[in-house]
Amino acid sequence: MARVVKVGLIQASNPINDESVPVAEIQEAMFQKHLPMIERAGEQGVQILGLQEIFNGPYFCPGQDKRWYRAAEPANGPTVERLRAYARKYQMAMVVPIYEEAMPGVYYNTAVVLDADGSTLGLYRKNHIPQTSGFWEKYFFKPGNLGYPTFQTRYARIGAYICYDRHFPEGARILGLHGAEIVFNPSATVAGLSQYLWKLEQPAHAVANGYFVAASNRVGTEAPWGIGHFYGSSYVVDPRGQFLAVGSETNDELVVADCNLDTIREVREVWQFYRDRRPDTYEDMVKQLP
């Protein structure tokens, strides 16, 4: 019998674009906005659900306002604790991206992975941190220190990569070497320079590594920063680079696809990239060359 896993992605806009509103109130509004879509995912039989980057708030990195440090919470904090009940209710594993406080003054851009019983399987902390106009992430996030782990959920072994990570093929390959069958990439990316790469790079990772990629991106615009339109287009792509489901560029929505994990073996028996790779020739990749 085929191993088919139903994967879901949620893309959503921020309902409060007013910087005078307290951080906690904005977070709660975004959390509440997600709940009906999380419930819908469970009712539709989604087995693994991925949320967007820092799902319970705006993408605050276009500025450098320290008040957003107050949006951070422990990996086992109230947001994750509240979502455990939904994971248990629907027997649905979840990838939950949050702003993590490891200790006061030490913050990470983190994906918490919950299994179908609501237990925490582990964390992925975003490794590649951009620092450029509109994306001042080094002000808010320390680079990840947990490597590229994978997590055996009830339904599949999954990994996570977060937004800017997708531009780096090295971590994508390591996730494959660590056994990932589906890699989730929660993002917050706006129209402009990188939009054409959105449907280019991650299907290439899927093909090069013989796994599924589930990429989510928020929608709408966010004041007061006004860095552009978050173009959604969340999608699931298979190991052949074929799109199984694609979201709109503008709407809050749940994107769902059935992933036949047997495709992984079929593809890898044709394209023997893991057999033919030559790590003994790649030593320059782990050097800081000029």
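The values are calculated or read from the model by the stated rules, or taken from the named source; none is laboratory data. Please read all numbers here as calculations on a predicted model, not as lab measurements. Using ideal geometry, Cβ is built from the backbone for each residue, glycine included, and neighbour counts are taken over all protein chains shown.
Quick rundown of the values:
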read-out	value
Residue among 206, 215 that alone is in contact with a helix residue (DSSP H, G or I) (Cβ under 8 Å, 6 or more places away or on another chain) and surrounded by 15 or more Cβ atoms within 10 Å (Cβ to Cβ)	215
Boolean, residue 262 is out of contact with any helix residue (DSSP H, G or I) (no Cβ under 9 Å at 6 or more places or on another chain), under 24 Å from residue 5 (Cα atoms), charged (D, E, K, R) and at pLDDT 95 or above	yes
Residues being buried (at least 22 other Cβ atoms within 10 Å of the Cβ) and of a type in the set (Phe, Trp, Tyr) - total across segment 232-250	1
Selection within segment 140-170 - small (Gly, Ala, Ser) and under 22 Å from residue 102 (Cβ atoms)	144, 147, 159, 160
Residue list for segment 121-140, filter: at negative phi and in contact (Cβ under 8 Å) with a residue 60 or more places away in the chain	135, 136, 137, 139, 140
First in segment 25-46 and touching a residue at least 60 places away in the same chain (Cβ under 8 Å), second anywhere and of a type in the set (Lys, Arg), Cβ under 8 Å, 6 or more apart	44/6; 46/6
Condition broken by residue 249, with the remaining ones in (1) of a type in the set (Asp, Glu); (2) closer than 30 Å to residue 55 by Cα; (3) touching a residue at least 60 places away in the same chain (Cβ under 8 Å) satisfied	(3)
Residue match in segment 58-69 (condition: without any contact (Cβ under 8 Å) to a residue 60 or more places away in the chain and more than 22 Å from residue 164 (Cβ to Cβ))	yes
In segment 98-140, residue surrounded by the most Cβ atoms within 10 Å (Cβ to Cβ) [restricted to those that are aromatic (Phe, Trp, Tyr) and touching a Ser or Thr at 6+ places or on another chain (Cβ under 9 Å)]	124
Selected residue [loosely packed, with under 14 Cβ neighbours inside 10 Å and of a type in the set (Val, Ile, Thr)] from 80, 21, 46, 95	21
Residue count, segment 220-257 (criterion: at positive phi and within 16 Å of the chain's Cα centre (by Cα))	2
Scope segment 121-156; condition of a type outside the set (D, E, K, R) and over 19 Å from residue 175 (Cβ atoms); matching residues	130, 131, 132, 133, 134, 135, 136, 139, 140, 141
